[in-house]
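All of the numbers you see were taken from the coordinates with simple rules; none came from a lab. Remember, predicted model here, so these are calculated numbers, not experimental data. Cβ coordinates were reconstructed from backbone atoms using ideal geometry, including for glycine residues, and neighbour counts include every protein chain displayed.
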Amino acid sequence: MSTTPDIIPAVVADIDPAVVQAALAEMAAILGQDRVLPGDGDGEFRDPYQPVEWLAFAAAGVVQPDTAEQVQQIVRIAAAHGVPVWAQGQGRNNGYGGAAPRVSGGITINFRRMNRVLEIDEELGYALIEPGVSFQELYEAVEAAGANLMVSVPDLGWGSMGGNQQDNGLTYLPYGKDWRNICGLEVVTADGELLRTGMGAMAGNQSWNLYRRSLGPTIEPLFFQGNFGVVTKLGVWLMPKPEVITHVHIDVKRDEDLIPLVDTLRRLRLDGTIDGVPCILNTLLIASTIAPRAHWYEPEEGVIPDEAIDEIAERIGIGRWHLRLALYGDRPVNEHNLAKIEREFGAIPDARIRSATTGPEEWAELPDPSDRVYAGVPNQDWTTMAGWRGGEHGGHMSFTPVAPLTGRKVYELQMWLKARFERNGLDHTADLIVVNERSLCSVAGITFDIDDEEATADGYRVMQELVREAGGIGYGEYRAHLHFMDLAQEQFGFGDHAYRRFVERIKDAVDPQGILSPGRHGIWPAAMRGGR
């Protein structure tokens, strides 16, 4: 069996494994033995895209509580033994490390059993949920309740809403822009206490899941990509169903057409014509959602050349860049905005614009999975993306810098990324997610066959290069894979890392033992900083 290669920074908890097992035994006495899984649960709670021979990011055990009170007991036991815990929702954050912990040898708290939808308020448009509720489960609960409401969902609906949103995961309805969905958290702190954020700090307050601020400092954002507590409940804002949704697809033929495409989109986002979270995808990204690489291009070695990409685009019926978006509202309003969209984007030479308008009764059966996602209907159709190389044994990681929403900046970044992918023999795939009116998250995926250790290690090395080199020209990631969390955080060096040092002081104050998710997004407790 091979060991973890040098490129994987394997951090192991500095604690006697016997002590960890004693903590797991105490947790089993509270939860029941069936709620405590040894190791990584026969591989279910590890990084699914890491070769099985690699030993980094390995839990000593997985616990699955049923209640917030049980989470409090778990944290208190972990604190008593000095055992680190790593909390996650469904554990489906594939491409960023999946269900694996940053520090090996600790205990993972998995919330698949805490998946109850506790309340749906149709009048005020919100739900109160537990952290393990998946997008699919929330959608089904809303539909079963007959509520005239929609859930903003990502491209794959199997993940938990709590885990996704706490990691700044992106969804596509208007409530998905700038992470507007979440309002009001219940959190277990490192000492086992239970707090509620915002108005929830007042017992019985009626506005806990309705008002984002607090009396005093607003602390809720500290629990997104932070490691200061374990979230056990969260409020989710739901969008009223519009009369109709108009799905719009726009294709442009040349790479340089990305410049007017982005500039036009920005103008229409800023003036309110287009709402929600549009995406711009390149040809190979869309091809990866349909079939593996070998279906489109026979040579295994080398990158797919531009002329072959154009042929693939023609086969699919798309362009070099494809913009997807949706309009939500009354039919006459959508018709007015669509006419403006067709006029503005139609000024780009050779641009092709398609649209279709549908009502609520049609959304669940739309043939295009992208259209279903933009209608708030979760699905799993895009799971094929990871198999671009390797098929059923395919894996991927994503490099995701944030960029200004200007055509020139976006085009230059994509050409910079394309050159770096291709110099390493990789195909450049791009998903540009327009998270608000002024910026986008540029998702660039590296794919590999996880049965090929050398190719997988090469993928990790390329990702390291991208993080470092992009940081050198002023581009930082909005979230990072387990392996790159420290490196990604290192790029945010203004004021000799004043931000990181400030957050570390908070970490040391609220979690002095450093047991809660140590190392998450590069924030380490005092006792573990020496090895960063």
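Tabulated results
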read-out	value
The chain: angle of helix 17-31 to the longest principal axis, Cα-based, in degrees nearest 10	80
Rg/Rh for segment 245-486, where both radii come from Cα atoms and Rh is the Kirkwood radius	0.96
Partner lysines for LYS507 [C-alpha distance under 23 Å; skip if fewer than 8 residues away on the same chain]	LYS233
Crossing angle, helix 258-270 versus the chain [Cα axis fit, 0-90 degrees, rounded to tens]	70
Degrees, to the nearest 10: 407-423 long Cα axis against longest axis of the chain	70
Cα gyration tensor category, rounded, prolate or oblate, for segment 122-260 with a/c compared to 1.5	prolate
Evaluated over segment 170-228, the Cα radius of gyration and Dmax, each in Å	12.4, 37
Rounded to 5, the percent of DSSP beta bridges in segment 345-460 classed as antiparallel	100
Amide H contacts under 5 Å for TRP524, placed H, 5+ residues apart	GLY519
Loop sites in segment 118-192: GluC sites (Glu not before Pro), DSSP, at most 15 other Cβ within 10 Å	GLU122, GLU123
Residue-count net charge about HIS393 - beta-carbon cut-off 11 Å; Lys, Arg +1, Asp, Glu -1	-3
Over the chain - Rg/Rh using Cα atoms and the Kirkwood inverse-distance radius	0.96
FRET E, pair PHE494, ASP306, Förster distance 35 Å, beta-carbon r, rounded to 0.05	0.40
Environment charge of THR273, counting only residues whose C-beta is closer than 10 Å and scoring Lys/Arg +1, Asp/Glu -1	0
Solvent-free Debye scattering, log10 I(q)/I(0), computed from the Cα coordinates of segment 368-482 at q = 0.10, 0.18 Å⁻¹	-0.33, -1.01
Bridge type composition, segment 11-110 - antiparallel percent by DSSP, nearest 5	25
For segment 492-531: relative contact order, % (alpha-carbon pairs under 8 angstrom, 6 or more apart)	34
Kirkwood Rh (inverse of mean 1/r, distinct Cα pairs), segment 11-110, angstrom	13.3
Value at 222 nm in deg cm²/dmol, rounded to 500, when DSSP H runs of n ≥ 4 in the chain each add -39,500 (n - 2.57)	-9000 deg cm²/dmol
Placed amide H near GLY184: partners under 5 Å, 5+ positions off or other chain	GLY235
Relative contact order of the chain, pairs being alpha-carbon contacts under 8 Å that are 6 or more residues apart, as %	16
